[in-house]
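Since the structure comes first, as structure tokens, the remarks are kept for the end.
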Amino acid sequence: MKCPACKNGNLVSGYLEDLFLARTCDSCGGNWLMLEDYLYWLQRTPPQPLAANIEYEIMDSRQVLLCPVTGNMMLKYRISGSNDHRLDLSSDISGIWMDKGEWELLKSEGLAHQLNSIFTEPWQRRIQSERTAEILSARYEDKFGPEVYQKIKDTREWLQKQDNYLELLAYLIAKDPYSVKR
């Protein structure tokens, strides 16, 4: 089987860190694995931190990859909101392509035992939600300035903890809270 990323190397059968079956590219060092092999390992391995204190070089194929088995396009999934790396999934056969260093990245982020979750809608929705919050927060900070933005966030948090939150908010936004006119 040819490598879907570098297209030069061959995928050689073996094990990813002696944990589960995988095919490793003899040219770029990427790994092709089947989700069922990973899940089989996961069922028999209690969640525990895997050694991730090693230096590693990480690659990230940005182009669309074709499944080495079916030839169909693979889908890209972000692994977390804290980085831009994406894993490739062949949804037709549940095959996963991990570029060189991505397994080590998963371990360092504490995600090695959650690989299957990365490909779910709730996981991806949470990442998108976190990213949207980061973008909006940066915009508010630019608009209000860091000091004012922090103060308004603190005030908002305090307000939401009050039993009479809506009345307090109405008081704050009223042009003249002491007038009976609206």
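The values are calculated or read from the model by the stated rules, or taken from the named source; none is laboratory data. Predicted model only: the values in this text are computed from it and were never measured. Neighbour counts are summed over all protein chains in view; Cβ atoms, including those assigned to glycine, are modelled from backbone coordinates with ideal geometry. All accessible areas refer to the heavy atoms of the entire protein, side chains included, with ligands and DNA or RNA removed. Shrake-Rupley method; radii C 1.70, N 1.55, O 1.52, S 1.80 Å.
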Check: C-alpha center segment 77-121 vs C-alpha center segment 132-179, spacing in Å is 37
Name the shape class, rounded, prolate or oblate, that the alpha-carbon gyration tensor gives for segment 116-159, where a ≥ b ≥ c are the square roots of its eigenvalues, rounded holds for a/c under 1.5, and otherwise prolate holds if a/b is larger than b/c and oblate otherwise. prolate
Net charge near Asn10, counting Lys/Arg +1 and Asp/Glu -1 over other residues with Cβ under 14 Å of its Cβ? +2
Roughly how big is the chain's charge dipole about its Cα centre, with Cβ charges of +1 (Lys, Arg) and -1 (Asp, Glu), in debye to the nearest 20? 780
For the chain, cysteines with no other Cys Cβ under 4.7 Å from their own Cβ are listed as Cys67
Given a Förster distance of 45 Å, report the FRET efficiency between Glu147 and Leu19 from their Cβ-Cβ distance, rounded to the nearest 0.05. 0.35
Which labelled figure in (1) -0.40, -1.09; (2) -0.32, -1.08; (3) -0.49, -0.98 is log10 I(q)/I(0) by the Debye sum over Cα atoms at q = 0.09, 0.16 Å⁻¹, once derived from the coordinates: (3)
What is the calculated FRET efficiency for Val180 to Gln124, with r their C-beta to C-beta distance and R₀ = 45 Å, to the nearest 0.05? 0.30
Roughly how many Å² is the accessible area per residue of segment 49-170, as a whole number, for a 1.4 Å probe? 64
Computed [θ] at 222 nm, deg cm²/dmol, the chain (DSSP H ≥ 4; -39,500 (n - 2.57); rounded to nearest 500): -11500 deg cm²/dmol
With every protein chain in place, the chain: carbon and sulfur % of accessible area (1.4 Å): 52
Quick one: how many lysine pairs does segment 1-152 have with C-alpha atoms less than 21 Å apart and a gap of 8 or more or different chains? Give me the count, please. 7
